[in-house]
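The values are calculated or read from the model by the stated rules, or taken from the named source; none is laboratory data. Owing to the predicted nature of the structure, the values given are computational and were not obtained by experimental measurement. Here the Cβ positions follow ideal geometry from the backbone for every residue, glycine too, while neighbour counts run over all protein chains shown. Ligands, DNA and RNA are excluded from the accessible area calculation, which covers all protein heavy atoms including side chains. Shrake-Rupley method; radii C 1.70, N 1.55, O 1.52, S 1.80 Å.
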Amino acid sequence: MPELKNVIVTGVSSGIGRAAAETFMRRGHKVYGTVRSLAKATPIDGVTLVEMDVRDESSIEGAIDFVRKESGSIDILVNNAGVNLVGAAEETSILEASSLFDTNVLGVLRTSQAVLPYMRAQGNGRIVNVSSVLGFLPAPFMGLYSASKHAVEGLSESMDHEVRKFGIRVSLVEPSYTKTDLDANAPHCKKIIREYADERITVSRTVADHINHAPEPAKVADTIVDAALGPWRMRHTPSGQATLLKVLRRFMPASAVDSALKKAVGLK
């Protein structure tokens, strides 16, 4: 029988995080799922919800301390919490960019820093960071989101080199379009520059159509759980479009990738 693990999954209110928490729980592990507000959260059977904001160090410290005292160990951390933003780079304010990076990149750093002392003390642990295919591909009108995921990729690879001597490994999961509220309800930059309008609208509509026909989060959740519990590998892509994009990025000429990407988002 597999050893029971104590697992923290951030951002379990909906989507990939919620599906991952449920999948860990069904496989027999003790799961703590973080939400920004317990009062507004929908319970998940078999999962202990913990109030935590990845933008707030004291909130993180309190949540991690609660989990450690209740469980005795922290074996797996899944950094899933994140936000999106749609708009041209020129339209994106520094405040909007800073807010996005505060959640998507510094949130990963803060939470990892909070669990690493306990993982080092116990001599083992896994950290799984949820990235995106946009962590290795460009994305017109989602440049800051893409930049944040590129940053998560660099952070994860570097951190893995630093912590492996303590018995800890860090992995990435890189999903493509997934039917989640994060993608379907992505906020738009407040500043509008009319010269970008036609292409921005085209890309937004094309992406919305892709999301509408995208797989449910269960496949990504399975990939996350396998990354956390299986043999270590740095990058994990769910089967299907994400794996295909990874292969194309690696083996196709840059010009062909560029043309294929533009076509995929509805640009000429």
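Which residue, of E153, E157, is of a type outside the set (K, R), on the phi < 0 side of the Ramachandran plot and in contact with a Ser or Thr (Cβ under 7 Å, 6 or more places away or on another chain)? Steps first, answer last, please.
On the way: E157 fails: in contact with a Ser or Thr (Cβ under 7 Å, 6 or more places away or on another chain).
Selected residue: E153, the only one of E153, E157 that is of a type outside the set (K, R), on the phi < 0 side of the Ramachandran plot and in contact with a Ser or Thr (Cβ under 7 Å, 6 or more places away or on another chain).
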Scanning region 22-39 for residues that are among the hydrophobic types (A, V, I, L, M, F, W, C) and surrounded by fewer than 23 Cβ atoms within 10 Å (Cβ to Cβ), which turns out farthest from S73 (Cα to Cα)?
A39
For residues that are open to solvent by less than 50 Å² (accessible area, probe 1.4 Å) and either among the hydrophobic types (A, V, I, L, M, F, W, C) or at pLDDT below 95 (or both), tally how many sit in region 61-70.
3
Looking only at region 3-16, decide whether some residue is out of contact with any Ser or Thr (no Cβ under 9 Å at 6 or more places or on another chain), of a type in the set (G, A, S) and at pLDDT 95 or above.
no
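Test L77 against the criterion of being in contact with a strand residue (DSSP E or B) (Cβ under 6 Å, 6 or more places away or on another chain), more than 24 Å from D222 (Cα to Cα) and not in a helix (DSSP H, G or I), and give yes or no. Show your work before the answer.
Values: in contact with a strand residue (DSSP E or B) (Cβ under 6 Å, 6 or more places away or on another chain): yes; more than 24 Å from D222 (Cα to Cα): no; not in a helix (DSSP H, G or I): yes.
When the stated conditions are applied, L77 does not pass them.
Looking at region 1-21 only, could you name the residues that are closer than 21 Å to S132 by Cα and open to solvent by 10 Å² or more (accessible area, probe 1.4 Å)? Write out each step before concluding.
Of all residues in region 1-21, those closer than 21 Å to S132 by Cα come to 8-21.
Scanning region 1-21 gives G11, S13, S14, G15, I16, R18, A19.
Hand me the list of helices (runs of 4 or more DSSP H) wholly inside region 203-267 holding 2 or more residues that are closer than 18 Å to V130 by Cα.
Details: elements: 218-229, 241-251, 254-264.
By residue number, 218-229, 241-251.
Looking at region 92-112, which of its residues are under 15 Å from N80 (Cα atoms) and either open to solvent by 40 Å² or more (accessible area, probe 1.4 Å) or charged (D, E, K, R) (or both)? Steps first, please.
Pass one, region 92-112, residues under 15 Å from N80 (Cα atoms): 100-112.
F101, D102, L106, L109, R110 - these are the residues of region 92-112 that are under 15 Å from N80 (Cα atoms) and either open to solvent by 40 Å² or more (accessible area, probe 1.4 Å) or charged (D, E, K, R) (or both).
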Looking only at region 147-172, which residues are more than 24 Å from N84 (Cα to Cα), open to solvent by 10 Å² or more (accessible area, probe 1.4 Å) and either charged (D, E, K, R) or touching a Gly at 6+ places or on another chain (Cβ under 7 Å) (or both)?
E162, R164, K165, F166, G167, R169
With S93, S71 as the choices, which residue is in contact with a strand residue (DSSP E or B) (Cβ under 6 Å, 6 or more places away or on another chain) and touching a residue at least 24 places away in the same chain (Cβ under 8 Å)?
S71
The helices (runs of 4 or more DSSP H) lying wholly within region 96-201 that contain at least 1 residues that are among the small types (G, A, S) and free of Cβ contacts under 8 Å to residues at least 12 places away in the same chain are 106-122, 143-163
